[in-house]
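The values are calculated or read from the model by the stated rules, or taken from the named source; none is laboratory data. Please read all numbers here as calculations on a predicted model, not as lab measurements. Neighbour counts are summed over all protein chains in view; Cβ atoms, including those assigned to glycine, are modelled from backbone coordinates with ideal geometry.
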């Protein structure tokens, strides 16, 4: 609300008080500066006048549907066992994300009716994307609107451990130097 992200802790007629949360690195440069790179509290309490609801969009992560979709991207070398890497990532997402089976039947039916979503949209899924250097495997999963950093941390640890056991590596940037310019060296005595 008004450029502030966080949880509403007080709502009055004139102003709203928000417990501010950090933001992803992609928007870190925006004002005001953020030092927390995840949806975790920064420690700042921010008061926003309610006129902002008429001027700006208000994003709500929990009002009607207390879950959000999240993604974790992992690059693997093209020569790696891509199917095994996908299986490891998917297993981790299933272990740590919100399971459709844990949601109430009434809640699922209401979600399907209200948002035109299918239950299959809630299951973790891995998408492949070709890059210049590696295959990017992006797992999309649903989780509660709080605690996402902990979920991604647990998934990252699981995936890294399973990759090591399967002798898979995470891709990193590599650069091939194909030509050196001519170098002229003069020695002074």
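Here residue 82 meets each of (1) touching a residue at least 40 places away in the same chain (Cβ under 8 Å); (2) surrounded by 13 or more Cβ atoms within 10 Å (Cβ to Cβ); (3) more than 30 Å from residue 167 (Cβ to Cβ) with one exception, condition (3).
Taking the conditions exactly as written (part of a helix (DSSP H, G or I) and over 12 Å from the mean Cα position of the chain (by Cα)), does residue 162 satisfy them or not? So residue 162 fits the description; yes. Looking across the stretch 120-156, the residues that are free of Cβ contacts under 8 Å to residues at least 12 places away in the same chain and over 13 Å from the mean Cα position of the chain (by Cα) come down to 120, 121, 129, 130, 132.
Filtering the stretch 36-59 to residues that are touching a strand residue (DSSP E or B) at 6+ places or on another chain (Cβ under 9 Å), at pLDDT below 85 and assigned to a loop (DSSP other than H, G, I, E, B) leaves 36, 38, 39, 40.
Working carefully through the options 90, 72, find the one that is touching a helix residue (DSSP H, G or I) at 6+ places or on another chain (Cβ under 7 Å) and either modelled with pLDDT of 80 or more or not in a helix (DSSP H, G or I) (or both). Give the steps one after another, and end with the answer.
Values: 90 fails: touching a helix residue (DSSP H, G or I) at 6+ places or on another chain (Cβ under 7 Å).
The conditions single out 72.
Selection within the stretch 157-189: residues that are out of contact with any strand residue (DSSP E or B) (no Cβ under 7 Å at 6 or more places or on another chain) and in contact (Cβ under 8 Å) with a residue 12 or more places away in the chain. The member of this set that is surrounded by the most Cβ atoms within 10 Å (Cβ to Cβ) is 163. Only one entry in 117, 108 is surrounded by 15 or more Cβ atoms within 10 Å (Cβ to Cβ) and either free of Cβ contacts under 8 Å to residues at least 24 places away in the same chain or part of a loop (DSSP other than H, G, I, E, B) (or both), namely 108.
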